[in-house]
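Each remark here refers to the structure printed beneath this line.
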Amino acid sequence: MYLAPLNYDRYFKKIFGVEKIAKRFLEDALGVPITEFSVLPREHKITDAARGIEFDFRCKIDNHYVVIEMQQWYKTDIIQRFHLYHCLNTALQLENLPTKIIDVIDDSEKEIRDYSLLQPVITIVWLVHHNLKETDDYLTLTPIDEKVLGFIRDSSLWTNASLEQLKAHREVLLKKINNNANGLLWMQENKEIFFFQKNIVKNIHNSAYRRWFVFAEKTLKNSNTKEDFDEYTKDVIFREMIRRLKVDKKDTEDINYINTYDENKEKSQRFINGITKEALINSQVELDNERDLKEKAILLAEEERRQKELAETNAKEKEQKIANMILKRYHKGKSVSDISDDLELDEDEIKKIIESFIKK
């Protein structure tokens, strides 16, 4: 192993602890130049009752507070956890939020926090093995008017409305999402961005951020060599990363950390595989049960149809038998009244059958 895995916690924090490296990554990931950049503390105690929170990396760039989190192992709660970090990154601005003086009803003054100075927050989640069932390189989530989602999800509207109606509806929604009353557009500057390493390394393109994830993917291979990173030595930032990630065979602490991490990663993968296998088994059982239920429903429907046909046939045979008995007596010269007495049938019914026979 030439370089230690960038995706392992220790080395991820080691690399992103270097300001110029973190700054370049954010410029490449966000696609914007950064003029102001300052690294912020990673560890925080939220309340006496809450345990400490430690970000992988936290900084302030221009007019945004940014958190970078790397997630390698399988966890079911990553959406909720990283959204919590995202919210905390906003709340932590209370530490240094300036105050302002306002007038109150009794002509006195009151000092309050100036919340207008809160900065938007961007949370970047670097997912190594997960892709949230997406095929794109990344997924960006930002607050937006719920009516926009309703517009997109309204299948009836898209099926029945004319193009002119759709355009008119869109114009109404554009006004909503562009409404900046009281700084509403500030909400849309808050973003949670999930980068999918497994997708990025497969999707060939020339985006600036791709080289970071390909570099990380190369470091994950235990057999990585110096030649694997030749293309990166032309860039001063990546040369610095290579220097900091070089594995010293004499450093037993580093070697033990990597080995232990690999063992835990294998255990985690076995756990994931176990869950996946169990899920597949349960899914197959559900499919089998569903198929059995469908087959039973089909058989039941077929039996009901057969019974209905049989009942209809029996009813027709019974009607024909009665008609034959009536006509036989009628041909022998019996009156309707006599036939009614013999067969215990209503005279009107007997008349209808006889009249039907006469018409034929």
_Condition broken by Lys234, with the remaining ones in (1) at pLDDT 95 or above; (2) among the basic types (Lys, Arg); (3) out of contact with any strand residue (DSSP E or B) (no Cβ under 7 Å at 6 or more places or on another chain) satisfied_ = (1)
*So which residues in the range 190-231 are closer than 13 Å to Leu3 by Cβ and either in contact with a Lys or Arg (Cβ under 7 Å, 6 or more places away or on another chain) or among the aromatic types (Phe, Trp, Tyr) (or both), if there are any at all?*
Phe215, Asn224, Asp228, Phe229
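Kindly evaluate Lys167 against the criterion of being over 26 Å from Asn7 (Cα atoms), of a type in the set (Lys, Arg), over 23 Å from the mean Cα position of the chain (by Cα) and not in a helix (DSSP H, G or I).
On the way: over 26 Å from Asn7 (Cα atoms): yes; of a type in the set (Lys, Arg): yes; over 23 Å from the mean Cα position of the chain (by Cα): yes; not in a helix (DSSP H, G or I): no.
Criteria not met by Lys167.
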*Could you list, in sequence order, the residues of the range 143-174 that are over 29 Å from Ile193 (Cβ atoms) and of a type in the set (A, V, I, L, M)?*
Leu157, Ala161, Leu163, Leu166, Ala168
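Within the range 144-181, which residues are of a type in the set (S, T, N, Q) and within 19 Å of His64 (Cα to Cα)?
Initially, the range 144-181 is screened for residues of a type in the set (S, T, N, Q), giving 155-156, 159-160, 162, 165, 178-180.
Listed by number, the list holds a single entry, Asn180.
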*Those residues that are farther than 13 Å from Pro143 by Cα and either touching a Gly at 6+ places or on another chain (Cβ under 8 Å) or among the basic types (Lys, Arg) (or both), I need them from the range 168-186; list them, please.*
Arg170, Lys175
_Take Leu132 and tell me if it is crowded, with 17+ Cβ neighbours inside 10 Å and either aliphatic (A, V, I, L, M) or in contact (Cβ under 8 Å) with a residue 12 or more places away in the chain (or both)._
no
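Only one residue in Ile204, Ile200 is within 25 Å of the chain's Cα centre (by Cα) and more than 26 Å from Arg81 (Cα to Cα), so which one is that?
On the way: Ile200 fails: more than 26 Å from Arg81 (Cα to Cα).
Being within 25 Å of the chain's Cα centre (by Cα) and more than 26 Å from Arg81 (Cα to Cα) holds for just one of Ile204, Ile200, which is Ile204.
Given the criteria in contact with a strand residue (DSSP E or B) (Cβ under 6 Å, 6 or more places away or on another chain) and among the aromatic types (Phe, Trp, Tyr), does Phe195 qualify?
Working: in contact with a strand residue (DSSP E or B) (Cβ under 6 Å, 6 or more places away or on another chain): yes; among the aromatic types (Phe, Trp, Tyr): yes.
Considered against the rule, which asks whether it is in contact with a strand residue (DSSP E or B) (Cβ under 6 Å, 6 or more places away or on another chain) and among the aromatic types (Phe, Trp, Tyr), Phe195 comes out as yes.
With the range 63-164 as the region, which helices (runs of 4 or more DSSP H) entirely inside it contain at least 2 residues that are polar (S, T, N, Q) and under 28 Å from Glu43 (Cβ atoms)? Before you say what the answer is, go through the steps one by one.
On the way: elements: 78-91, 146-153, 155-160.
In the range 63-164, 78-91 are the helices (runs of 4 or more DSSP H) which contain 2 or more residues that are polar (S, T, N, Q) and under 28 Å from Glu43 (Cβ atoms).
The values are calculated or read from the model by the stated rules, or taken from the named source; none is laboratory data. Computed from a prediction, not measured in an experiment: that's the story for all the values here. A quick note on method: Cβ atoms are made from the backbone with ideal geometry, for glycine too, and the neighbour counts reach across all protein chains shown.
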